[in-house]
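A short write-up of the structure that comes next.
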Amino acid sequence: MDWYCVHIEHQRVAKAENITFRNMLIEEYQKHGSPRDCHVYLKSAGGYFYYFSPAASEALGVFMRFWEGYGVPEPSQWHEMEKVI
């Protein structure tokens with residue numbers, strides 16, 4: 001299983017919409033029973049970059065497909081990221 005990234009450009013969404021997206025992710029995560037190893041991280045730099053762990057990409061795949069997520073290597077700069085889930 002791979003990591004995935006969803007990039008939401010600042011021009012595409014306002015701050016309030018980004019918060020709504022985050023809340024929807026958290027709600028969906030809870031609906032799935034808060035699966036173990038299901039993690040989503042956020043990096044804000046030139047937009048919002050959401051990184052989905054392999055387990056999160058399975059449980060929350062509907063969000064990745066809708067927002068055109070793409071495969072990426074496992075992130076390495078954890079100190080620059082906020083844990084969303």
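The values are calculated or read from the model by the stated rules, or taken from the named source; none is laboratory data. Since the model is a prediction, treat every value here as computed from it, not as a measurement. Neighbour counts are summed over all protein chains in view; Cβ atoms, including those assigned to glycine, are modelled from backbone coordinates with ideal geometry.
Please determine, by comparing only the residues of region 29-45 that are within 12 Å of the chain's Cα centre (by Cα) and outside any strand (DSSP E or B), which one is surrounded by the fewest Cβ atoms within 10 Å (Cβ to Cβ).
Just the residues of region 29-45 that are within 12 Å of the chain's Cα centre (by Cα), to begin with: 29, 38-44.
Filter once more, keeping what is outside any strand (DSSP E or B): 29, 38-39.
Working: TYR29: 19, CYS38: 20, HIS39: 17.
Step by step, filter region 29-45, then rank; the result is HIS39.
Consider CYS5 against the criteria (1) part of a helix (DSSP H, G or I); (2) in contact (Cβ under 8 Å) with a residue 60 or more places away in the chain; (3) buried (at least 18 other Cβ atoms within 10 Å of the Cβ): it satisfies all of them except one. Which criterion is unmet?
(1)
Could you please find all residues in region 15-66 being closer than 16 Å to MET81 by Cα, in contact with a Phe, Trp or Tyr (Cβ under 7 Å, 6 or more places away or on another chain) and either of a type outside the set (A, V, I, L, M, F, W, C) or modelled with pLDDT under 90 (or both)?
The answer is ASN18, TYR41, LYS43, TYR51, SER53.
When both residues are 6+ apart or on different chains and their Cβ atoms are under 6 Å apart, which pairs have a first residue that lies in region 70-85 and is assigned to a strand (DSSP E or B), and a second that is among the charged types (D, E, K, R) and modelled with pLDDT under 95?
The qualifying pairs are GLY71/ASP2.
Hey, any hits in region 49-72 for a residue that's exposed (fewer than 13 other Cβ atoms within 10 Å of the Cβ), closer than 15 Å to PHE21 by Cα and among the aromatic types (Phe, Trp, Tyr)?
From region 49-72, those exposed (fewer than 13 other Cβ atoms within 10 Å of the Cβ) are 62, 65-66, 68, 70-71; that's our starting set.
With the extra rule that they be closer than 15 Å to PHE21 by Cα, the set shrinks to 62, 65-66, 68.
From what is left, the residues that are among the aromatic types (Phe, Trp, Tyr) are 66.
Within region 49-72, one or more residues are exposed (fewer than 13 other Cβ atoms within 10 Å of the Cβ), closer than 15 Å to PHE21 by Cα and among the aromatic types (Phe, Trp, Tyr).
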